[in-house]
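The structure under discussion appears below in the form of structure tokens.
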Amino acid sequence: MLDPLILLPAVINGLTMGAVYALVALGLTLIYGVLHIINFAHGSLLMVGLYGVFFLHRAGVDPYLALVIMVPALFVVGYALQWSVIGKASHGSDQNVLLVTLGVSIVIENLALYFFTADTLTVDTPYVFEMIDLGIALVPLPRVIAFLSALVLAALLWLLIARSDLGRAIRAVAKERQGARLVGIDVDHIFAMSFGIGTACLGAAACLLLPMFYVSPHVGHVFVLVAFTVVVLGGMGSFSGALFGGLLIGVTESVGGLLLGESLGQIGIFLIFIATLMFRPSGLFGARLS
């Protein structure tokens, strides 16, 4: 039996990382909920965001202030990628989309290897080693900022989808794209907007991650597998499921690392993934854009 004084800090650290996992997964679940595709380029686009934050930091921009640059920049990247490459190359076939996004991922990673080499890069900020005393645990300041910011951004995304005209159009296309087209909605534009918003989530996640993480051409692999697990666990297309799933996966990884060692901490994540597919394939919250 673990001592609560050891277990509670691990749970808190898991929740802080899980919020960032949820933010990455929210972008993935939005893209799936509207386009009904699995975006294999999601991890590579997160890597692009991390490199963007790294070079902005070199230019003197704090990683958290880089949010105002990286979120719109990644939105433009995602919109342009869907509009000019994925949408046109797929010819309306979901199977083609899978291959196209996989191809985009390979191209992006190899370009990163060519221009940046395989070196692991980090940023040095004055607050990276600052701690917040929560009474039951000391938590690094970047993790607290990441946790709170991810929750706020998730709430803003939910408000956008639930309350705005754009959100209503996105939900209409997700439910019935042909019906949406008949009432005058530009479905191709909504596809590109959804892909752009999902990619913008990665820009925000990159700004929250880099003060406590690293960037390399293959760093996306670390997060994309976890993001897929979160989306499947919560329910494909469910925003509330992605948020809950991200927090649960973060805690599972943290407590698993405490019990089994850091290198084996992710075993619990994939056990949850397998169990979800076996016993509740629709996810804990069902499959819907909500």
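The values are calculated or read from the model by the stated rules, or taken from the named source; none is laboratory data. Every value quoted in this text rests on a predicted model; they were computed, and no experiment measured them. Cβ: placed from backbone, ideal geometry, glycine included. Neighbour counts: every protein chain shown.
Observations on the structure shown:
- For the criterion of being under 26 Å from Arg168 (Cα atoms), among the hydroxyl-bearing types (Ser, Thr, Tyr) and touching a residue at least 60 places away in the same chain (Cβ under 8 Å), Thr16 fails.
Residue-by-condition table, conditions (1) within 16 Å of the chain's Cα centre (by Cα); (2) more than 27 Å from Ala118 (Cα to Cα); (3) of a type in the set (Ser, Thr, Tyr):
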| site | (1), (2), (3) |
| --- | --- |
| Tyr21 | yes, no, yes |
| Leu26 | yes, yes, no |
| Leu30 | yes, yes, no |
| Leu35 | no, yes, no |
| Asn39 | yes, no, no |
| His42 | yes, no, no |
| Met47 | yes, no, no |
| Leu56 | no, no, no |
| Ala59 | no, no, no |
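- Those helices (runs of 4 or more DSSP H) lying entirely in the stretch 52-124 with at least 3 residues surrounded by fewer than 16 Cβ atoms within 10 Å (Cβ to Cβ): 67-81, 94-116
- Tally of residues being of a type in the set (Gly, Ala, Ser), in contact with a Gly (Cβ under 9 Å, 6 or more places away or on another chain) and more than 14 Å from Ala205 (Cβ to Cβ) across the stretch 68-87: 1
- Scanning the stretch 33-47 for residues that are crowded, with 24+ Cβ neighbours inside 10 Å and either part of a helix (DSSP H, G or I) or of a type in the set (A, V, I, L, M, F, W, C) (or both) yields Gly33, Val34, Leu35, Ala41, His42, Gly43, Ser44, Leu45, Leu46, Met47.
- Test set (1) within 18 Å of His57 (Cα to Cα); (2) at pLDDT below 90 - Phe116 fails condition number: (2)
- Subset of the stretch 243-290 (residues that are surrounded by fewer than 16 Cβ atoms within 10 Å (Cβ to Cβ), at pLDDT 75 or above and in a loop (DSSP other than H, G, I, E, B)): Arg280, Pro281, Ser282
- Pairs with Cβ under 8 Å, 6+ apart, first in the stretch 224-242 and more than 18 Å from Gly14 (Cβ to Cβ) and free of Cβ contacts under 8 Å to residues at least 60 places away in the same chain, second outside any helix (DSSP H, G or I) and charged (D, E, K, R): Gly235/Arg288
- Which listed residue is modelled with pLDDT of 95 or more, out of contact with any Leu (no Cβ under 7 Å at 6 or more places or on another chain), within 19 Å of Val224 (Cβ to Cβ) and not β-branched (Val, Ile, Thr), from Met70, Met17: Met70
- In the stretch 188-200, the residues that are within 13 Å of Val76 (Cα to Cα) form Cβ pairs under 6 Å with partners that are of a type in the set (Phe, Trp, Tyr) and in a helix (DSSP H, G or I), at six or more places apart or across chains, as follows: Ala192/Tyr79; Ala192/Trp83; Gly196/Phe75; Gly196/Tyr79; Ala200/Phe75.
- Out of Ala205, Ala192, Ala200, sole residue that is farther than 22 Å from Tyr64 by Cβ and of a type outside the set (Phe, Trp, Tyr): Ala192
- Tally of residues being surrounded by fewer than 17 Cβ atoms within 10 Å (Cβ to Cβ) and within 25 Å of the chain's Cα centre (by Cα) across the stretch 133-155: 6
- A residue that is closer than 26 Å to Met47 by Cα, in contact with a helix residue (DSSP H, G or I) (Cβ under 6 Å, 6 or more places away or on another chain) and part of a helix (DSSP H, G or I) can be found somewhere in the stretch 125-144.
- Tally of residues being crowded, with 24+ Cβ neighbours inside 10 Å, in a helix (DSSP H, G or I) and either touching a Lys or Arg at 6+ places or on another chain (Cβ under 8 Å) or of a type outside the set (Gly, Ala, Ser) (or both) across the stretch 206-222: 4
- Among residues of the stretch 178-205, those that are surrounded by fewer than 18 Cβ atoms within 10 Å (Cβ to Cβ) and at negative phi, counted: 10
- Pairs are defined by a Cβ separation below 7 Å, a sequence spacing of at least 6 or placement on different chains, a first member in the stretch 46-65 that is farther than 18 Å from His218 by Cβ, and a second member that is assigned to a helix (DSSP H, G or I); the pairs so defined are Leu56/Ile69; Pro63/Val53; Pro63/His57; Pro63/Cys207; Pro63/Leu210; Pro63/Pro211; Tyr64/Ile145; Tyr64/Cys207.
- Scanning the stretch 3-34 for residues that are more than 20 Å from Gln266 (Cβ to Cβ) and in contact with a helix residue (DSSP H, G or I) (Cβ under 6 Å, 6 or more places away or on another chain) returns Leu26, Gly27, Thr29, Leu30, Ile31, Gly33, Val34.
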